[in-house]
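Written out below as structure tokens is the structure these notes cover.
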Amino acid sequence: MARKPIIAGNWKMNNTIAAGVELVKELIPLVKDNDKVDIVVCPTSTALAGVSEAKKGSNIHVGAQNVHWEKSGAFTGEISADMLTEIGVEYCVLGHSERRDYFGETDEGVNKRARAAFAAGITPIICCGESLEIREKGAYLEKVAYQVKMALDGFKPEEVEKLVIAYEPIWAIGTGKTATFDQAEEVCKHIRETVAAAYGQKAADEIRIQYGGSVKPATIKDLMQQPNVDGALVGGASLKAKDFSEIVNF
Ligand code: PGA
């Protein structure tokens with residue numbers, strides 16, 4: 001079965017409500033004829049509802065940048081999955097390296113968040129990736145496989161096949177330093193093999209694996225030629241409608 005590509009724009013802590021609504025309105029006509037890619041934009045929390053309203057009737061989906069595992073309660077600063085589905089959120093980026101590095105998110109927490117999101121009908125986009133230090137030591141495949149196994153713990157094979165994994169080498173995020181196509185393919189293939197070993201071939205054949213890290217209009221075509229790369233998680237280049245549309249319309 002051919003996997004449908006999925007390309008998501010991670011806006012990070014950028015764009016007010018007004019700017020986010022303007023960006024998505026600019027994007028809608030540029031991607032309206034694209035039915036070959038699942039297109040997702042991930043605004044900051046305050047802009048989720050506005051962007052979700054503004055994209056209604058289009059082929060653009062909305063993702064959040066995090067979700068908490070509890071339904072409600074004393075968790076200052078957190079948002080539950082039901083609060084996200086209420087405003088039309090269908091995807092959620094989880095375990096981004098910025099969350100792990102700056103806010104102490106753990107593999108266990110990412111797993112709990114992913115399970116809560118999935119249970120509420122939100123598709124998790126689970127991020128993994130190694131630091132430059134681990135890459136240079138040569139331990140990157142083990143590191144990424146470990147993160148993936150931890151994040152998927154407790155999911156059933158028929159659930160795993162619906163998830164999205166984003167491989168983002170930390171040294172390539174926001175640095176302009178993209179991994180080579182071979183480097184991206186090597187790790188995405190290893191992720192798929194890791195999924196196959198733990199959850200079976202069907203789950204491995206259907207789970208979608210993105211590459212992320214300085215993806216640009218100029219690099220997306222070759223990236224998408226890699227057999228195990230099913231899409232991209234795009235940071236900087238998703239903040240301009242023209243660039244992001246060129247990426248999704250690759
Ligand atoms: P970048 O960010 O495209 O700006 O490198 C990617 C990401 O962090 O998801």
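The values are calculated or read from the model by the stated rules, or taken from the named source; none is laboratory data. Keep in mind that this is a model prediction, so the values were computed, not measured. No Cβ is skipped: glycine too gets one built from the backbone with ideal geometry, and neighbour counts run over all protein chains shown.
The figures follow:
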{"read-out": "Residue in the stretch 91-99 that is within 16 Å of the ligand (Cβ to nearest atom), modelled with pLDDT of 95 or more, in a strand (DSSP E or B) and among the aromatic types (Phe, Trp, Tyr) present", "value": "yes"}
{"read-out": "Residues (surrounded by fewer than 24 Cβ atoms within 10 Å (Cβ to Cβ) and of a type in the set (Val, Ile, Thr)) located in the stretch 83-100", "value": "85, 87"}
{"read-out": "Given (1) more than 10 Å from the ligand (Cβ to nearest atom); (2) of a type in the set (A, V, I, L, M, F, W, C); (3) assigned to a loop (DSSP other than H, G, I, E, B), number of the condition residue 223 does not satisfy", "value": "(3)"}
{"read-out": "Unique residue being within 13 Å of the ligand (Cβ to nearest atom) and at pLDDT 95 or above when the list is 204, 184", "value": "184"}
{"read-out": "Selection within the stretch 4-39 - over 15 Å from residue 89 (Cβ atoms), within 17 Å of the chain's Cα centre (by Cα) and more than 15 Å from the ligand (Cβ to nearest atom)", "value": "4, 5, 37"}
{"read-out": "Residue tally, condition at positive phi and without any contact (Cβ under 8 Å) to a residue 40 or more places away in the chain, over the stretch 206-250", "value": "0"}
{"read-out": "Residue among 72, 52 that is part of a loop (DSSP other than H, G, I, E, B) and of a type in the set (Gly, Ala, Ser)", "value": "72"}
{"read-out": "Candidates 238, 214 - the one that is closer than 22 Å to residue 175 by Cα, buried (at least 24 other Cβ atoms within 10 Å of the Cβ) and hydroxyl-bearing (Ser, Thr, Tyr)", "value": "238"}
{"read-out": "Extreme residue, farthest from the ligand (Cβ to nearest atom), among residues of the stretch 207-220 that are aliphatic (A, V, I, L, M) and not in a helix (DSSP H, G or I)", "value": "207"}
{"read-out": "Condition check for residue 165: closer than 21 Å to residue 39 by Cα, surrounded by 20 or more Cβ atoms within 10 Å (Cβ to Cβ) and within 14 Å of the ligand (Cβ to nearest atom)", "value": "yes"}
{"read-out": "Selection count, the stretch 168-191, where residues are touching a residue at least 60 places away in the same chain (Cβ under 8 Å) and in a helix (DSSP H, G or I)", "value": "2"}
